[in-house]
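The structure appears below as structure tokens.
Read the figures in this text as sums done on the coordinates, not as results from a lab. Since the model is a prediction, treat every value here as computed from it, not as a measurement. Glycine gets a Cβ as well: all are built from the backbone with ideal geometry, and neighbour counts include every protein chain shown.
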Amino acid sequence: MQRQYLPASTLTGLLGSWADDSGPAYRVLADRLRLLIADGRIIPGSRLPSERELTEALGVSRTTVASAYRELRDSGYLMSRRGSGSVTALPSKVAPELGRHHAPGIDTDGLYDFTCAAPSAVPGISTAVAEAAGDLPVHLATPGYHPQGLPVLRSEIAAAYAERGLPTTPDQIIVTAGALAATSIAIRAITQFGDRVLTESPTHPNSVDAIRRTGCRVVAVPMSPGGWDLPLLEATIRQTAPRAAWMVVDFQNPTGWLMPAADRQRLAIAFARSRTTAIVDETLFELSLDGQELPPPFASYDPDGVITVGSVSKSFWGGLRIGWMRVPEALVARVLDARASMDLGAPVLEQLVVAGLLRQRSTILPERRLELARRRDALASALASELPSWRFRVPGGGLSLWCELPEPVGSSLVGVAQRNGVLLVSGSRFSPDGGLESFIRLPFTLDPDALRDGVSQLAASYASLTTGGAPARRTAAMIA
Ligand SMILES: Cc1ncc(COP(=O)(O)O)c(C=O)c1O
């Protein structure tokens, strides 16, 4: 099998300033390599430079490189085969803090887990499940396949769009297994291999992976420190004429920005001019935490051109695995066709549960927002007192703070913090093109005590990294 060879010069570039880190050099090198492999910046199956080549390129001792490679082999990230050299791999169980995916089943007890921007379930899910079970018998007499989604759920979703000023028929709704599945299906329906798809940078990494898996080329447009850079977006759309654009305009993940109405209108015009289909992910739109009224949905500026993606993962619970698409009428058949080879519909019981929860959303969501605002404020004040050199904006909604560190040490911090009981994802994982090493995303989904304790441990890790001191010992108060 042909292996992709990673020249020593490329690898040293990817490693960045790893040698400034604390701890034995071989261990730091192994940690950095592990993170690059787990993050997908070095793809599994790549052939690494030989020990001698890397030793020369890094200017370290041969023992450092040999020990780092040995540690990677022992942990399953490297395989050495005669004739093939050292080839990267992903172990069967990737530690969640280093992994590309959230990995249920991996035990994070006793750790402060800042890797996942998804809260636990709202109260009332069990009651909704019991009620839905009461509606189930009528469905048991049918095959239970609903490739477009249960009519009762599609009606609820369509009514919610109409309430927001976007007239929608139930026939325009396609229920999926979450927003990520909706994005995958929409991209498959709209694009062909090699097409360009515009995204923001930073943005939600799994969605970028989903786009790339279809063979599309991602054109990532950097967010500016003040949100979206409209002139840059317009120029990029003009120059690259992307086939599709995947955008998160409501409390963008990870920056938390909310796109103003005027910018939505400008962008919708630019997309329409270049015949770019906008796929707008509204996964976070229900999480306005300061009572701010939201601008009209992006699709209201081009109802027949824009595909909207929605989900209950953040508003109610990710474990329901229910999302959807609002699709222009002319595209419904094409999207359903693209879906048919992926799955044949979402589970009936969960769809009934979500229909019930949507009916009660005006009573459930205010409590959700209050609780998340409390957590956001707890995280912001803990960071302000424990890590005063970190800069962040307190967003009006969403689920995370996007923190800028004074130095580009994000990936190093992930490794050091892990040894100190704090699981992080480095900012670079949110960049489709790499970079963003000075950033860390911190979700505010843990409870306030855990957030405060986690930030203390994070501050100790950061201090040990930047001053070379020993990390503080873990306290007993860990999250359950
Ligand atoms: C913007 C965005 N889209 C999609 C997802 C995944 O959502 P779901 O659980 O509905 O697949 C997330 C989760 O973090 C997200 O932030």
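With respect to the chain, whose longest principal axis is taken over its alpha-carbon atoms, helix 361-386 is tilted by about 20°. Using C-alpha pairs below 8 Å separated by at least 6 residues, the relative contact order for region 4-88 is 34 percent. By the gyration tensor of its Cα atoms, with a ≥ b ≥ c the square roots of the eigenvalues, what is the shape of region 289-337: rounded for a/c under 1.5, prolate for a/b over b/c, or oblate? The shape class here is oblate. Between region 408-455 and region 264-323, how many Å separate their Cα centres? Region 408-455 and region 264-323 have Cα centres spaced 27 Å from each other. To test your reading of the geometry: what angle, between 0 and 90 degrees and rounded to tens, separates the Cα axis of helix 62-74 from the longest principal axis of the chain? For helix 62-74, the angle is close to 40 degrees. Annotation for residue 377 and residue 162: the two label points, set 7 Å from Cα along the Cα-Cβ direction, are 3.8 nm apart. Entry note, region 125-359: relative contact order of 30 percent, from Cα contacts under 8 Å with a spacing of 6+ residues.
Here the contact order of region 295-347, divided by its residue count and restricted to Cα pairs under 8 Å and six or more residues apart, works out to 28 percent. If you take all other residues with their beta carbon under 12 Å from the beta carbon of residue 248, and give Lys and Arg +1 and Asp and Glu -1, the sum is -3.
Sorting 370-382, 277-289, 398-410, 137-149 by their mean Cβ neighbour count within 10 Å, with the most densely packed peptide first, gives 277-289, 398-410, 370-382, 137-149.
Remark on residue 221: its backbone amide H falls under 5 Å from those of 199, 200, 201, a criterion applied only to residues 5 or more positions apart or on other chains, H modelled at 1.01 Å from N.
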